[in-house]
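Take a look at the structure set out below.
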Amino acid sequence: MELIPPLLRTPFDLPFDDLLAHPVLAAHVTPTCRLNTYHQDRYAPLLPSYRSGGRRARSLKPTPPHDVPRHHLTYFVAINLYDSASVLPSLIRALYTLVLSLGPSRFHVSILENDSRDDTPVQLFLLAKLLRQLGAGFTIVSDPKQPAGWAQGKRIEGLARLRNLVLQPLFDAPAGSFDRVLFLNDVHLCQAELLELLLQHEVQGADMSCGMDFKELRIPEFEGNYPLLFYDVWVARDMQGLPFYEIKQPGGDWTLPSPVMPQSQSRDRYDSLLPTQVYSCFNGVAVIDAALFAPPHSLRFRTAPSGGDEHSECFLFCSDVWKALSPLRPDGTPNALGRGARIQIVPRASVGYRVEEYDRARKDRNTTAFELEGEGQQEQRASEMIDWEQWPPKLVTTYPYGACPRLPPSSIGRAQALAQTTLTDVPDVLQHIGRSGCVRAVLRSLAPRSPALSLADFDTPLLDDDQARAPL
């Protein structure tokens, strides 16, 4: 027997349009989403009705990768949520369109929500009704008894556990039930980003494909014109092992506007919105080969060997993909399954954590490259193809973003005493607390005490200038 939320105890067994227009969802602003005819042509190979036929099928020429039918693929969608009522309506609308377009029988949606204080559980009830009416599989767990948050030094352990929990239906399913895992964070996006990510994952033969997530730097100096920055800097590294942009704190200022991959050999590809190989990413939305979670790899999200918060569970997952697919085993013997990890970012799949951030970051409205025909189209498609590198970078930049137990309480006290006036005190604060991976956590702890440090919406980790590039 279903427990109907009080807000839905009026007639709730409604058709799709009425469910999507329900006040619980309509109360929140969502992006305007539309696929034009060029989008539709580009993503047609993902549709169940698509067949590559005609003269091409009767010729001896291989079908170009962009035109290969993908209607056989099955998808496991995984989402972790907490207090996500402002963003979940966007996800629901994008998922609804995606599932309806590609075929409900090809999807299983797994969502784990815990201890939300807003309307997230009510919205999930509506999503369950939608998925049931569509005929898609789903596992939606709303657990108010599982408290949010974690003890100091246990953040990554908690996040890894939640990610593995939402994947449990995948682990329990018969082998081969799903081809791809689509992981979604609490981001605003449209169906175009999801379709582009799914298409490029197949076209490139990737093991893992990530979008690009962006967030505004909302501090007083920039009020009214907040800089839009790439968000997942703690996780993402290019094939040189470098972060996606350089942050000079705590030694100085941010370089604004801050270009993505300023020192990367892949900068031109990124600027041209072309898929780009990277060492690691997650970036708010990711497609992962389901086979990586099954034997012989059996990968899981995890913490660092120390058990602390030195590295993100997503960064460690990418590192494990490289190890699993390395041409050589740790003992130096050949790995028959190894040809190097194929991890890519797809710049056209850009998302945001607020609607206005997504609208500034989105690339789906630029379809010029999709409008080409004949030789122009062939050249454009050829330019999209990644020339995969087999080996990871020898050194990868890391920094202990969450290793806050290292910071003496006395340092925090001195920092709190300094941060009482204006933001110009921040360099002094940083000088007193030292070059620590806990800078961001300390600043956030100070924000309630100092209006000048209103960093409640700023969640970008800071890279120390003198942080060593650690070996893989």
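In terms of modelled amide H atoms, which long-range or inter-chain residues lie less than 5 Å from the amide H of Ser110?
Val77, Ala78, Ile79, Thr139
Loop-only check: which GluC sites (Glu not before Pro) in region 198-249 are DSSP coil with at most 13 other Cβ within 10 angstrom?
Here the GluC sites (Glu not before Pro) that fit, given the DSSP loop and packing criteria, are Glu223.
Can you give me the long-range amide H partners of Ser280? Hydrogens built in the peptide plane at 1.01 Å from N, cutoff under 5 Å, separation of 5 or more residues or another chain.
For Ser280, the qualifying residues are Arg237.
How long is the gain from Gln133 to Ser306 if the chain were fully straight, where each residue apart is worth 0.36 nm and the alpha carbon distance is subtracted?
Values: separation 173, 0.36 × 173 = 62.28 nm, distance 4.63 nm.
Length gained between Gln133 and Ser306: 57.7 nm.
For Trp322, Trp234, Trp388, which order do you get if you count the other beta carbons within 10 Å of each Cβ and list the fewest first?
Final ranking by Cβ density, sparse to dense: Trp388, Trp322, Trp234.
How far, in nm, would the chain grow between Ala148 and Glu223 when pulled straight, counting 0.36 nm per residue and subtracting the alpha carbon separation?
Answer, rounded to one decimal: 23.9 nm.
For Arg267 paired with Asp118, estimate the spin-label separation in nm (one decimal), with each label point 7 Å from Cα along the Cα-to-Cβ line.
Those two pseudo-labels are separated by 3.7 nm.
In straight Cα distance, which lysines are under 21 Å from Lys154, not counting same-chain residues fewer than 8 positions off?
The qualifying lysines are Lys145.
I need Ser312, Ser298, Ser116, Ser101 ordered by Cβ neighbour count within 10 Å, fewest first.
Arranged by neighbour count, lowest to highest, Ser312, Ser298, Ser116, Ser101 become Ser298, Ser101, Ser116, Ser312.
Which of Lys394, Lys145, Lys129 has the fewest other C-beta atoms within 10 Å, and how do the rest follow up to the most?
Least crowded to most crowded, the residues run Lys145, Lys394, Lys129.
Below 20 Å, Cα to Cα, which lysines can Lys363 reach? Residues fewer than 8 away in the same chain don't count.
Straight-distance partners of Lys363: Lys215.
Which shape class applies to region 76-189: rounded if a/c is under 1.5, otherwise prolate when a/b exceeds b/c and oblate if not, where a ≥ b ≥ c are the square roots of the Cα gyration tensor eigenvalues?
oblate
Lysines near Lys394 by alpha-carbon distance under 27 Å, same-chain residues fewer than 8 away left out - which ones?
Lys248, Lys323
Using the Cα gyration tensor of region 6-397, with a ≥ b ≥ c the square roots of its eigenvalues, what is the shape: rounded (a/c below 1.5), prolate (a/b larger than b/c) or oblate (neither)?
It comes out rounded by the Cα gyration axes.
No value in this document is a laboratory result; all are computed from the given coordinates. Because the structure is predicted, anything quoted here is derived from the model rather than measured. Neighbour counts run over all protein chains shown; Cβ positions are idealised from the backbone, glycine included.
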